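Some notes on the structure that comes next.
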Amino acid sequence: MKTRNHARSGLGAGTIVAALVTCVVPGILQSAAAQQPGASGGGLEEVVVTAQRREQNEQEIGISLSAVTGAELTDLGVVSATDITKAMPAVVLTQPNGPSSFSLAIRGVVQNDFADHQESPAAIYVDDVYVSQMIGLAFSAFDIDRVEVLRGPQGTLFGRNATGGLAHFISHRPTDETGGYLDVSFGERNLTRVEGAFGGALVEGIDGRISFQSNHYDPLFRNTFGPASDAENGNDWALRGQLLFKLPANSQLLLLGRFSRTDVHAGSWEERATKNIAPGIDVYVGPNDNFYGTCPGCNASGLPNSGPFVIRDSISGFTKLKGSGLTAKYTGDLTGAALTVVADYTSLRKDYQEDSDASPDTLFQFFNGSKVDQESLEARLNGGNQSLNWTAGVYGLRINGDYYEGWLGPTSFTAQEFPGGWPFGTPPYWHDPAGRDIVADPNTGAYPATRSPYSLKTTSYAAFGQVEKRFTELLGLTLGARVTKDKKDYFFTWYPYEYFPHSTTGATTILTRISGLPLSTDYAASRDDTLFTGKVQLDFHVSKDFLAYAGINRGVKGGGYTAPLFPIFINDISKMTFSPEKLTSYEVGFKSEYFDHRLRVNGAAYYYDYKDYQALIYTFSLEQLIVNADARHVGGELEAEWAPTEAWRFGLGTAYVDAVVKDVDTRGNGIKGDFTPGNAPRWTGNALIRYTLPLHGGHVALQLDGNYLSRFWFNLSDLPIVEQPAFGLANVRASYTTASGKTEIGASLENLADKHYGTMGFDNTSINGLAQLYPGMPRWFKVHVNFKF
């Protein structure tokens, strides 16, 4: 039997809207531009990007992309890599493990598995280096020159495959001009953030730059129980050093070293009591009617805490991250071509723990961690002229990862807490991997935690190339291809039967394993995938300021392995692996400017045909699995910027996506249906109004900005308990810059209406009778002072 959760027909309203915009709006604007002279002053700055691996005007590239300069990032209050979603439609943040794991959903394409070894289909690059780990996006955005976000498959130019798109963070480079800046921010919750950089010529032919940031603030969550700490504070720092060697024949060698540390009280979730009412159907309930019969610490609303950002944790959760790396980038000229070689070594370490039930009782406490070393090498050649440009390259990547994840279950139960008996079956059992009976610690009452260590070694090699031919002033053709060889070696220590209490004698609980069953199973497997991507696109240069394009683009992401938190519930070992996903994108778009470059309007419409989409299934039966299923995404984006005068600046972006994953059993009830991917709101939008006026030789800037997301689901189930209702956020900012331009004083109020919303959620009904929600930032007042020297 099949169910269809939402009515869907045709190509969807988003495609119709985007197609109408693509065809009609440019004509209207061109007509208006022909009839009206431009206003005096104003004008939009040209944004130079490297989306096609060479410097180009953003408006000359037939790719749906958003580029934000460092100055614009400051104006928007961006302080972390994840803040870029404030300024870009169709880009949504997801946080599978709160502050320790991040990924981007671009056009509804996302991977929200909380296992650390999974690579995201929305690739992250920092200074030309691919960031393979989910923790790799947990960095502060400081001394950034610009951020480029490319929507749609990216496989013919960048080192690693990306089906959904990519985000590239590019730092300021050293120059021979001596100078720098210092930016200090203060605010509510004892916020103290310091960011700065200094650089210049060290000796003849060698330039240097050092950048740093330090960030501290008090916890957002208040813990009202016992000795456990408040949680979700800020405590991180980062350092980046660069040396630029100017070599003969216009060649250069850049050495970049980076270090970062995060050590915070974390892992806190807001919870609400739930229960199962039918196979695969979980609902919110009151305090005396949940999965366990009672909800420890619940209030009358069924919440196991007293309100937003309040918890009753029995342990202090934490996130500890360590990152370091060294990049060497060489650029030089060969005969008729430019050579670029990028070599990198990155080391990442993570330890994370959370009290998943947010209650005084030990119902379910989750932890995971990783130790990853990554090496990559990319070499590419660029050449061409006004009518022909080409890029060819090779890429190698090796990722050595050791991971662990596990959980700690109940320390003790009473008949009152479980009137219907132990929820996992009768009688309950517990064993340890060595076959010994386990006795609870008489002082703490705690039992050893279930811990599943595993490792994944990824080795990948690729060759890629792209040719752009301009036949006439009107018509251009782009052809691209890539072949990738992925090899993955996986080892997972599988404890088939987890720890469950058996009997109680006095104050001591005795735990016994089931006789005759294996103590553990080591699952070892390898897979080799050969992957092909390609691109064909026609560009129509209608005029100097109007570009239209239409193309077909194929993206791929290699297969992999699941690291289930509860392997006991996987009854088919073949489910441990999943196949590569393949996305074919059909896209049309345009880029245009009007009124003497005062108005910029860009739009795109697309249809995604997904084969073997890698979908995370997180079911009532506790199967945390990635399965392959076909999917279809239809949508479009429209972005506009308008600078009618030097004083005014307007920005507006909107995106629509109708995404569906087909024929999947997401609820573990044997009934397959079509469901919306997680973190894929149908509508997203952002807006900005900025007014600048002179004052005492300097100028004052007043700004209102915000973003909007329609309702979406955190998991692939479309259940109300993992639904985030539609919400919008607004921010106000004001700043004064002195006549010299070297000093700026500003203030901001972020999340003006103090909107309470979630960035991630999980349905844990079958684990502890609760639904988790990780909230976004509350209202926050900040001030900053920026000195340039």
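These residues, Phe139, Phe102, go from largest to smallest accessible area, 1.4 Å probe, as Phe139, Phe102. A simple spin-label model places the labels of Asp663 and Asp596 5.9 nm from each other, with each point 7 Å out along Cα-to-Cβ. Here the calculated FRET efficiency for Ser740 and Arg779, from their Cβ-Cβ distance with R0 = 41 Å, stands at 0.75, rounded to the nearest 0.05. Cross-link pairs exceeding 31 Å in C-alpha to C-alpha distance, out of Lys86/Lys322; Lys488/Lys662; Lys457/Lys535; Lys329/Lys782; Lys544/Lys611; Lys322/Lys488, comprise Lys329/Lys782; Lys544/Lys611.
A 1.4 Å probe, protein heavy atoms only, puts the accessible area of Arg189 near 70 Å².
Return the aspartates and glutamates within reach of Lys487: Cα separation strictly under 16 angstrom, same-chain partners fewer than 8 residues apart disregarded; answer none if there are no such residues. By straight Cα distance, Lys487 reaches Glu119, Glu375, Asp528, Asp529, Glu581. Computed from the C-beta positions of Glu204 and Thr50, the FRET efficiency with R₀ = 22 Å rounds to 0.20. In region 535-663, Cα pairs under 8 Å separated by at least six residues give a relative contact order of 21 percent. The distance from the alpha carbon centre of region 590-615 to that of region 748-789 is 29 Å, rounded to a whole number. As an exercise, use a Förster radius of 60 Å and the Cβ-Cβ distance of Val700 and Thr530 to find the FRET efficiency, rounded to the nearest 0.05. My answer for the efficiency is 0.55.
Per-residue accessible area (protein heavy atoms, 1.4 Å probe) orders Glu270, Glu641, Glu45 as Glu45, Glu641, Glu270, starting from the largest. State the Cα centre-to-centre distance between region 669-726 and region 523-567 in whole Å. Their Cα centres are 25 Å away from one another. Subtracting the Cα-Cα distance of Phe225 and Gln252 from their residue separation scaled by 0.36 nm leaves 3.9 nm.
Taking the charge dipole of region 201-259 about its Cα centre, with +1 at Lys and Arg Cβ atoms and -1 at Asp and Glu Cβ atoms, the residue from Val203, Gly226, Ser251 reaching farthest to the positive side is Ser251.
Counting heavy atoms of the protein chains alone, Arg151 has an accessible area of about 10 Å² for a 1.4 Å probe.
Within the assembled protein chains, the solvent-accessible surface assigned to Asp263 is about 80 Å², based on a 1.4 Å probe.
The values are calculated or read from the model by the stated rules, or taken from the named source; none is laboratory data. All values reported here derive from a predicted model rather than from experimental measurement. Don't worry about glycine lacking a Cβ; one is built from the backbone with ideal geometry, like all the others, and counts go over all protein chains shown. Areas reflect the complete protein model, heavy atoms only, side chains present, ligands, DNA and RNA absent. Shrake-Rupley method; radii C 1.70, N 1.55, O 1.52, S 1.80 Å.
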